[in-house]
1. Answer rounded, prolate or oblate for the stretch 352-461, using the Cα gyration tensor with square roots of eigenvalues a ≥ b ≥ c: rounded when a/c is under 1.5, else prolate when a/b is larger than b/c, else oblate.
2. Could you tell me what % of all Cα pairs in the stretch 4-53 have separations over 15 Å?
3. Can you tell me the FRET efficiency between A358 and D294 if r is taken as the Cβ-Cβ distance and R0 is 35 Å, rounded to the nearest 0.05?
4. Using helices alone, what [θ] at 222 nm do you get for the chain, with -39,500 (n - 2.57) per DSSP H run of 4 or more residues, divided over all residues and rounded to the nearest 500?
5. Using the structure shown, list the pairs from K138/K460; K138/K383; K28/K138; K354/K389; K383/K457 with a Cα-Cα distance above 31 Å, or answer none.
6. How fast does the stretch 151-228 diffuse by Stokes-Einstein, in µm²/s, taking the Kirkwood radius from C-alpha pairs at 37 °C and 0.692 mPa s?
7. Pop a pseudo-label 7 angstrom from the Cα along the beta-carbon direction at both S302 and W382 and give the gap in nm to one decimal.
8. In whole percent, what relative contact order does the stretch 207-327 give with Cα contacts below 8 Å and a gap of six or more residues?
Amino acid sequence: MAFSNMVQDRPRILIVGGGYVGFTVAKKIQKAIKETGGVVTIVEPNPYMTYQPFLPEVAAGSMEGRNATVPLRQHLRDTEIISGRVTSVNHAARTAVVEPIDNGEPFELKYDEIVLGAGAVTRAFPIPGLADFAIGMKSIEEAVSVRNWVLERIEAASLMTDLDERRRALTFVIVGGGFAGVETISELEDMAREAVNRNGFLSPADLRFVMIEAAPRIMPEVPAERAEMVVAELRARGIEILLNTSLSDATDGNLQLINMADKSPAGEIDTDTLIWTAGVAASPMLKNTDFPIDERGRVRVSADLRVTGDEGVIEGAWAAGDNAAVPDLSGGGVGGFCVPNAQHASRQALVLAKNILASRRGEALTDYYHETIGVVAGLGLWKGVANFKGKTLGGPLAWIMHRGYHGTAIPTAERTVRVMATWALNQVFGRDTTPLRHQRSPRLAFQKATGTAPEAKKPKL
């Protein structure tokens, strides 16, 4: 096709994915590659990079969704952006198959070097009803939808006369006790309590928040003592923490629970809201490539971030971030590899960009090494947890550390200013807890006006 012919005319570094790795690498190398007559190309379905640590705050209304993204075309002026997905790669032939957004006709794209930064996807299990009823927390669209849905359920429940329906509407369940799950349930509970306090028909006691975690503890990234303190704090706020508990069925929001110790029934919960944060998996696209893949579906790389198989380095191929099994030279990590998080991805991207340019100049490459000095998490306004250089902190200080770190870690000064400005305005005027009606059906008003509105059904997340 014409487009395919038009973009094949220069030496190309193809970047698969426009997340932390793709955006950072492109920004660091685009001018240098352009000066040598080459081109950096990113293939990404979204026109923006998502800063995922901010998703819980987006869901809680502490930040507007757009502020947690970094627009690719605005900040990568010397990079070629293709709105689509790489569906397969034949590195032996130096070609990738690209599927344009909106199901356009796939085409082959030639490249000289490739950077695999496809990231990860939500890891789900074949639980009955899960796919039909639950929502994840991996994208801006999911976070914005969750925010609006929770606020809608509060408004709807305030006028319900059936106590069972009201209880179900005000029950919010999160599956997964990692950082994403803890921050999501904490931020949502904080927002919901504020919204209920502004509603004369409800009280905070009407809300029910439940976290389901299959492991015997939450937050494996922090010391067990601090994790236990977080559990105690959340329970003091009325949040139910069900450890050693798993979900066996989610059909129509009637959640069936099982005890992980003996696989016995552990009760049931009726809810309109089920949020799934139980882990991630490397992009399944990697299975459609000729690169070496480990047992977790990640592409195998050496410490200098070159793709490396049993027979050694594969020339012209690089990888980092959640889709790569990067050795953790600090001695930490899981199984000797870096854990999949934003902190590692952003730092690996800097080393990867440096190594791409060094390899083109015939210089020595740098191994990725980063010794994590701590972790931070927000648990709602003025509430947080941090583990910094072996010391554990909580409360307002940890919350300030959380916001300070992530506010400056999001790429580009422009986005940092937007984020900080939003936080400052919320401190002055308070958080906006107004739901947007019919967000999932924006044509409804017009359909009513033209007499073509569909028959009303029970709303569904």
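1. Note, shape of the stretch 352-461 comes out oblate.
2. Numbers: 579 of 1225 pairs.
The proportion of pairs with Cα distances above 15 Å equals 47 percent.
3. Values: r = 26 Å, r/R0 = 0.74.
Using R0 = 35 Å, I get an efficiency of 0.85.
4. Working: 13 runs with 148 residues, N = 461.
Roughly -10000 deg cm²/dmol at 222 nm, from the helical runs in the chain.
5. Numbers: K138/K460 19 Å; K138/K383 23 Å; K28/K138 26 Å; K354/K389 28 Å; K383/K457 38 Å.
Among K138/K460; K138/K383; K28/K138; K354/K389; K383/K457, the Cα-Cα distance tops 31 Å for K383/K457.
6. Numbers: Rh = 13.7 Å.
Translational diffusion coefficient: 240 µm²/s.
7. Result for the modelled spin labels: 5.4 nm.
8. Values: 184 pairs, mean separation 17.5, N = 121.
Relative contact order comes out at 14 percent.
The values are calculated or read from the model by the stated rules, or taken from the named source; none is laboratory data. As the structure is a computational prediction, the values presented were derived from the model and not from experiment. Note: ideal-geometry Cβ built from the backbone for every residue, glycine included; neighbour counts use all protein chains shown. Calculation scope for accessible area: heavy atoms of the full protein, side chains included, ligands and nucleic acids excluded. Shrake-Rupley method; radii C 1.70, N 1.55, O 1.52, S 1.80 Å.
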